[in-house]
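Reviewing the structure listed below.
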Amino acid sequence: MSFITRNFKHCIKSPRTAWATIKAMRAYRKRMIWCEVCLNDAIDVHHCLPIHVRPDLAADPENFISVCKDCHLHIMHLGNYRWYLNNARSVADMIKRNLMTK
């Protein structure tokens, strides 16, 4: 019996850890260095539609939004990382417009 037949989970590649996803997120982070909500220094790349909902969009730059740590938790996940926004891009644009008019 080979290692693969005994441990079949090693054959399944998660879209979250796939090289294409990591490469696309790094490229997006280099391009978008500011938080798209509050215009602070961005550290995180957030998936607008989570990977568990749409794994086919895991490496799609149209599904990314660059956010700082505070905006990632409090706005994109509503204070709990188990939750997510369906319309993250439109909420970020609305908040940015409100901040710029003040």
Count of the range 66-82 residues which are of a type outside the set (Lys, Arg) and not in a helix (DSSP H, G or I): 8
Of residues in the range 47-65 being aliphatic (A, V, I, L, M) and assigned to a loop (DSSP other than H, G, I, E, B), the one surrounded by the fewest Cβ atoms within 10 Å (Cβ to Cβ): Val53
Matching residues in the range 69-92 - criterion: being in contact (Cβ under 8 Å) with a residue 24 or more places away in the chain and either charged (D, E, K, R) or touching a Lys or Arg at 6+ places or on another chain (Cβ under 6 Å) (or both): Lys69, Asp70, Arg89
Index of the failed condition, Trp34 passing every other in (1) within 12 Å of the chain's Cα centre (by Cα); (2) hydrophobic (A, V, I, L, M, F, W, C); (3) within 20 Å of Ala88 (Cα to Cα); (4) at pLDDT below 95: (1)
Matching residues, the range 46-91, being of a type in the set (Val, Ile, Thr), under 11 Å from the mean Cα position of the chain (by Cα) and over 14 Å from Pro15 (Cα atoms): Ile65, Val67
First in the range 35-50 and over 13 Å from Leu73 (Cα atoms), second anywhere and among the aromatic types (Phe, Trp, Tyr) and not in a strand (DSSP E or B), Cβ under 6 Å, 6 or more apart: Pro50/Tyr84
Hits in the range 22-43 - residues which are surrounded by 18 or more Cβ atoms within 10 Å (Cβ to Cβ) and not in a helix (DSSP H, G or I): Cys35, Glu36, Val37, Ala42
Those residues of the range 16-36 which are touching a strand residue (DSSP E or B) at 6+ places or on another chain (Cβ under 6 Å) and either of a type in the set (D, E, K, R) or closer than 25 Å to Arg97 by Cβ (or both), in sequence order: Tyr28, Arg29, Met32, Cys35, Glu36
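The values are calculated or read from the model by the stated rules, or taken from the named source; none is laboratory data. The shown structure was predicted, so the numbers you read here are calculated from the model rather than taken from an experiment. Here the Cβ is made from the backbone with ideal geometry for all residues, glycine too, and neighbour counts use every protein chain on show.
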